[in-house]
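Asks: Below: one structure in structure tokens.
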Amino acid sequence: MTRYKVGLATRARILEATRAALAEDGLEGATLKAICERAGVQPGSFYNQFPSKDEAVMQVVREAIQAVDPHPDGTGADTLDDLVDAYVKFVTGDPAVARIYLQLAVGGGLTDARLGARVLRHHRRRQDRFTDALRRACPGLEDREARLRVEAMLAALNGLAFQWLLDGEVDLAGHARRLLAGATSA
């Protein structure tokens, strides 16, 4: 039991060090060496917890997304408002992690087939949740039309997130509200 607790504590230190390195130094500066130094662990201990630096980074991103998720269990109880608000909170609440997520999704997803597949699975789950929420908000909406509206909304949200990360003056929340109104109008 003690060994298990030590492993959990080591994992938590590595994740916190990864989070801090990403926030301060970005993806390029969050090297394995920098993470291990911040966490006070040797590389072997790191690899006992994570198969790669990318896995630790993805875990940090996953935790940031789950922290704002209205229903992380995916019960289908979330509304479109909840999901859009969660997206805005993810981007504006932890811009460093949002920047890393978008870097990984675009840069890494296009050059690393395995990472691209993970990003696409995550995007499809988000798309399904948004589509289910839109169908509940607009019961007469055909499935195909709901899917098309959601695809356009998510593409716009992603573009707005990029724009907000480059220029914090962009009204991300306001634009997200307008997208939401457009998606639910007849």
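The values are calculated or read from the model by the stated rules, or taken from the named source; none is laboratory data. These numbers were taken from a predicted model, which means no experiment stands behind them. Heads up, the Cβs are rebuilt from the backbone with ideal geometry, glycines too, and the neighbour counts pull from every protein chain shown. For accessibility, only protein heavy atoms count, side chains too; no ligands or nucleic acids. Shrake-Rupley method; radii C 1.70, N 1.55, O 1.52, S 1.80 Å.
Asks: If you take the residues in region 33-48 that are crowded, with 16+ Cβ neighbours inside 10 Å and not charged (D, E, K, R), which one is farthest from Pro95 (Cα to Cα)?
Replies: Ser45
Asks: Further question: Pick from region 13-30 the residues that are exposed (fewer than 13 other Cβ atoms within 10 Å of the Cβ) and touching a helix residue (DSSP H, G or I) at 6+ places or on another chain (Cβ under 9 Å): which of them is farthest from Val106 (Cα to Cα)?
Replies: So, considering only residues that are exposed (fewer than 13 other Cβ atoms within 10 Å of the Cβ) and touching a helix residue (DSSP H, G or I) at 6+ places or on another chain (Cβ under 9 Å), the one farthest from Val106 (Cα to Cα) is Glu24.
Asks: Looking at (1) more than 20 Å from Val61 (Cα to Cα); (2) in a helix (DSSP H, G or I); (3) hydrophobic (A, V, I, L, M, F, W, C), which is the only condition Leu165 fails?
Replies: (1)
Asks: Inside region 102-150, can you point out the residues that are outside any loop (DSSP other than H, G, I, E, B) and exposed (fewer than 12 other Cβ atoms within 10 Å of the Cβ)?
Replies: Within region 102-150, Leu110, Thr111, Ala113, Arg114, Ala117, Arg121, Arg124, Arg125, Asp143, Arg144 meet the criteria.
Asks: Among the residues of region 130-141, are any more than 16 Å from Asp78 (Cα to Cα) and touching a Lys or Arg at 6+ places or on another chain (Cβ under 9 Å)?
Replies: Looking for residues that are more than 16 Å from Asp78 (Cα to Cα) and touching a Lys or Arg at 6+ places or on another chain (Cβ under 9 Å), one finds at least one in region 130-141, hence yes.
Asks: Suppose the filter is at pLDDT 90 or above, closer than 29 Å to Gly168 by Cα and either open to solvent by 50 Å² or more (accessible area, probe 1.4 Å) or in contact with a strand residue (DSSP E or B) (Cβ under 9 Å, 6 or more places away or on another chain) (or both); does Arg62 pass it?
Replies: For Arg62, the condition - at pLDDT 90 or above, closer than 29 Å to Gly168 by Cα and either open to solvent by 50 Å² or more (accessible area, probe 1.4 Å) or in contact with a strand residue (DSSP E or B) (Cβ under 9 Å, 6 or more places away or on another chain) (or both) - is not met.
Asks: In the list Pro51, Pro72, which residue meets the criterion of being at negative phi, surrounded by fewer than 19 Cβ atoms within 10 Å (Cβ to Cβ) and at pLDDT 90 or above?
Replies: Of Pro51, Pro72, the one residue that is at negative phi, surrounded by fewer than 19 Cβ atoms within 10 Å (Cβ to Cβ) and at pLDDT 90 or above is Pro51.
Table: residues versus (1) of a type in the set (Gly, Ala, Ser); (2) closer than 21 Å to Gly116 by Cα; (3) assigned to a helix (DSSP H, G or I).
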position	(1), (2), (3)
Arg11	no, no, yes
Ala23	yes, no, yes
Leu27	no, yes, yes
Ile35	no, no, yes
Asn48	no, no, yes
Val60	no, yes, yes
Ile65	no, yes, yes
Asp73	no, no, no
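Asks: Same structure, new question: Looking at Asp94, Asp78, which is the one that is within 25 Å of Arg38 (Cβ to Cβ), crowded, with 17+ Cβ neighbours inside 10 Å and acidic (Asp, Glu)?
Replies: Result: Asp94 is the single residue among Asp94, Asp78 that is within 25 Å of Arg38 (Cβ to Cβ), crowded, with 17+ Cβ neighbours inside 10 Å and acidic (Asp, Glu).
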